[in-house]
Every structure is written in structure tokens, then in C-alpha cells.
Amino acid sequence: MFRILVPSVAIALAALTLAGCAGDVRGTLVPVAAAAPDATRVTMLVATTRKPDEDAGVLFSGERAAPSFAEITVSVPPDSARKVGEVQWPSRLPGNPETDFVTLKVDRIERAQALNRFHQTVQRVPKRRVLVFIHGFNNRFEDAVYRFAQIVHDSNAKVVPILFTWPSRGSVFAYGYDRESNNYSRGALENLLQALSKDPAVGEVSILAHSMGNWVTMEALRQMSIRNGEVSPKIANVMLAAPDVDVDVFRSQVMEMTGRRPRFTIFVSQDDRALAVSRRVWGSTARLGAIDPEAEPWRTQLEAAKIYVLDMSKLRTGDSLNHGKFAESPEVVQLIGTRLAAGQPITDSRTGLGERLVQITAGTAAAVGTAAGLAVSAPLAVIDPNTRQNMADNADELGRSLRHAGDAATAQ
């Protein structure tokens with residue numbers, strides 16, 4: 001049976017090669033001497049169930065171990081030298097701080113040190129907000145670190161960034177291993193969220209999970225709910241980007257969360273090629289991140305559960321797999337950061353977020369010369385009950401805005 005399955009699964013998984021790892025150079029976590037004068041520093045706390053690696057440039061491998069902690073500072077090159085939404089990987093070592101993401105400082109620390117540093121840091125952040133990021137399949141440790149640094153920088157979110165990274169081998173052929181590593185790590189993630197929730201200095205926690213990382217996120221929240229009788233009130237927003245989760249499993253996870261639940265926002269895209277492959281591998285009816293939220297039964301079920309959806313199916317980015325739109329679209333990642341920084345939920349129906357997302361991304365698509373038209377379909381009324389009517393009422397004005405953006409791009 002194994003020999004029969006290998007070819008079909010291998011062919012399917014080959015399409016996921018670009019879904020995770022972005023850099024070809026290994027050892028990028030060795031600190032460089034200094035940052036560029038105009039570079040931006042992003043310092044994050046890291047909690048991981050990866051095994052420590054003796055190679056200082058790797059720091060943590062894809063194997064499993066008891067939780068470890070670190071504090072890492074990444075230098076993001078000046079805005080004039082980079083494209084927002086992308087990680088500029090070094091082509092050789094050491095990287096050039098003027099043009100590349102580079103590491104400035106790495107501290108391996110114990111759990112008590114990590115919690116103490118976090119406690120001191122969060123008090124210096126407006127509203128004492130925290131953003132926890134959980135990466136997806138096929139991510140080496142350095143992939144997760146640099147991607148999160150990019151998200152924090154490009155979103156301009158005023159938060160304490162915490163990376164939770166689970167043991168992914170960073171290989172397209174380790175899909176099963178990565179999935180089991182999610183299982184292995186759910187208790188550690190729950191413990192992290194419990195610690196953050198119990199810290200009196202914390203004001204609010206937001207979670208951003210991507211791809212396979214959504215499964216361990218949902219499991220950790222489900223466990224917290226069962227253990228405590230609810231998900232901590234401090235966990236306000238949970239953003240599920242391209243979730244590689246079976247829809248039936250997701251439904252059961254939500255239903256098993258007793259008491260209070262956080263506000264869930266799902267970022268979906270029906271043209272997500274990575275999730276199409278995952279669906280083939282698992283043989284499931286649908287992956288959560290690729291549903292059409294306008295179709296039944298999804299529409300009714302999402303509305304009943306008060307779960308919000310941003311449909312980015314028509315948004316175009318540089319991601320050939322359409323799997324990382326939430327981070328690679330400059331407008332979307334900046335919009336998320338603006339909402340978090342203002343203390344406003346991603347799902348706030350009073351702000352017309354759906355309409356704003358359509359206007360910004362559509363205008364940008366026209367400006368860069370694509371033929372995307374309205375590049376993002378309006379989110380469901382469950383996000384913003386006024387969005388559809390507002391879009392109809394302001395169709396002429398939106399059209400004029402798009403034409404103006406196109407004219408401006410042509411003039412440039």
C-alpha cells in the first residue's frame with residue numbers, strides 16, 4: 001500500500017514546495033556586526049517546541065523537544081531598498097543590512113527569563129497589546145522568524161511580538177511529520193497563552209495563525225476553554241489566515257469551546273493552490289481556508305457562529321500559490337496593523353472594513369497594471385452588514401477612484 005500511495009502523494013505535495021521556505025541560504029541567524037543606519041529593528045520573544053541546534057546560524061532544528069525560549073532581534077532593510085510584503089533574503093553570508101533581512105542579536109533564555117522580559121516589555125507598549133504568530137507547514141526556524149519580522153514591520157502594529165514555532169522539518173515531503181508536530185505542540189501553545197493571559201501587565205492578546213498553524217492554534221484554544229471554562233477574555237482577536245484545517249474538524253473545535261470565545265476572522269481564498277493540494281492529500285470535502293463564504297452551508301453556519309470572513313479570492317500578490325496573501329499584500333497587512341494598533345477588532349462592523357479593503361486593494365491592483373478590476377470580493381454581511389449596500393450606493397464613486405488610480409499609475 002505504501003508504494004501505491006507514494007507517487008500520487010509525492011506529486012501532490014510537490015506543488016507545495018514554495019508554500020513555506022523562502023530562503024536558500026542556511027545559517028542566517030548568525031548575528032551581523034551592525035544594522036544599516038535607516039534599517040528597522042524588530043525584537044521578538046520566541047517560544048518553541050523545536051530541538052535546539054548546535055549550529056548558531058540555525059539555532060533550532062525541525063526535530064521535537066521540550067519548550068525552549070529565545071529573544072531575537074532582526075534588522076529589516078530600509079523601505080527604499082525593499083518591497084513591502086516580501087522578505088529580502090541574503091544571497092550569501094553575511095547578509096547586507098542595507099538590502100537584506102539580517103539578525104542582530106540572539107539570546108537563548110530560560111522560561112522564567114522569557115516571562116520576566118515579556119512582563120517588562122509589554123508595560124512599555126500602548127494599551128499593552130501582544131501579537132502571537134504561529135507559522136504553517138514547511139517552515140524552517142529562520143523562515144518563521146524572518147516572516148514574522150516582516151509582518152510586524154509592514155503592519156506597523158504597536159504590539160509585543162511573540163513567535164510560537166513548532167517543529168517543522170522545512171521539507172515538502174514532511175507533511176505528515178509536520179502535522180504530528182502540531183499534535184505534539186498544542187499543550188505548549190496553550191501553556192504560553194495561559195501565561196500571557198495571567199500576566200497582569202497584559203492588556204490584550206491577538207493571535208495570527210497561518211496554514212497548518214491554524215490547527216494547533218484551534219486545539220490550544222479548545223483546550224484552554226475546556227480547562228478554564230472559557231477562552232481568556234484577554235484573547236480578543238484570532239486571525240486564521242489560509243487555514244489548512246478540515247471544515248468539519250474546525251466546526252467541532254469551535255463547538256467544544258465552552259463559555260466565552262474570542263472574535264474569529266478567517267482569511268479565505270478559493271484560488272489557494274496549496275490548500276487544493278492539501279484537500280487532495282487528506283481526501284476531505286473542503287479546507288477551511290478555501291471555502292466560498294457566499295455558498296451554503298458555509299454562509300449560514302458562519303453567521304450562526306458569529307465567525308467573520310475576509311474573502312481575498314480576487315486579490316493578486318506575488319505568491320504563485322496564493323497561500324500567503326495576508327502577509328504579502330501590503331494593503332492587507334497594513335490594514336490589519338492599523339486595526340490592531342487602534343484597538344479595533346478586525347471584525348468591527350461599524351467601521352466598514354470590508355468596503356475599505358475592497359477599495360484599497362482594488363485601487364492598488366489597478367495602479368500596478370493588473371487587470372484584476374475589483375481585486376477583492378466584498379466580505380460577507382456577517383463582517384459588515386452595511387458593506388454590500390454601501391458598495392451599491394457608492395459604485396460610481398468607487399469607479400472614479402479606480403480610474404484615477406489607473407491614470408496616476410500611467411502618468412508615473
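Side notes on the structure shown:
- Residue in region 230-251 that is farthest from the chain's Cα centre (by Cα), counting only those that are in a strand (DSSP E or B) and touching a residue at least 40 places away in the same chain (Cβ under 8 Å): D246
- Residues of region 58-87 that are modelled with pLDDT of 95 or more, closer than 20 Å to R140 by Cβ and not in a strand (DSSP E or B): V58, L59.
- Checking each residue in region 135-155 for being more than 13 Å from M44 (Cβ to Cβ) and touching a helix residue (DSSP H, G or I) at 6+ places or on another chain (Cβ under 9 Å) picks out G136, F137, N138, N139, D154, S155.
- Per the listing S206, S269, S252, the residue uniquely assigned by TED's automatic domain parsing to the domain that holds R50 and closer than 22 Å to R111 by Cα is S206.
- Residue match in region 39-51 (condition: in contact (Cβ under 8 Å) with a residue 24 or more places away in the chain, hydrophobic (A, V, I, L, M, F, W, C) and either outside any strand (DSSP E or B) or farther than 13 Å from L163 by Cα (or both)): yes
- Residue in region 150-176 that is farthest from H135 (Cα to Cα), counting only those that are at pLDDT below 95 and hydroxyl-bearing (S, T, Y): S155
- Those residues of region 49-86 which are among the hydrophobic types (A, V, I, L, M, F, W, C), surrounded by fewer than 19 Cβ atoms within 10 Å (Cβ to Cβ) and within 29 Å of L193 (Cα to Cα), in sequence order: A56, A65, A66
Condition check ((1) closer than 24 Å to N237 by Cβ; (2) within 24 Å of the chain's Cα centre (by Cα); (3) not assigned by TED's automatic domain parsing to the domain that holds P167) across all residues:
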| residue | (1), (2), (3) |
| --- | --- |
| D79 | no, yes, no |
| F101 | no, yes, no |
| L104 | no, yes, no |
| A112 | no, no, no |
| L131 | yes, yes, no |
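- Residue under evaluation P90, criteria (1) in a helix (DSSP H, G or I); (2) over 21 Å from the mean Cα position of the chain (by Cα); (3) of a type outside the set (V, I, T); (4) crowded, with 18+ Cβ neighbours inside 10 Å, criterion not met: (1)
The values are calculated or read from the model by the stated rules, or taken from the named source; none is laboratory data. In this text, all values refer to a predicted model and were calculated from it rather than measured experimentally. All Cβ positions, even for glycine, are placed from backbone atoms using ideal geometry, and neighbour counts span all protein chains on display.
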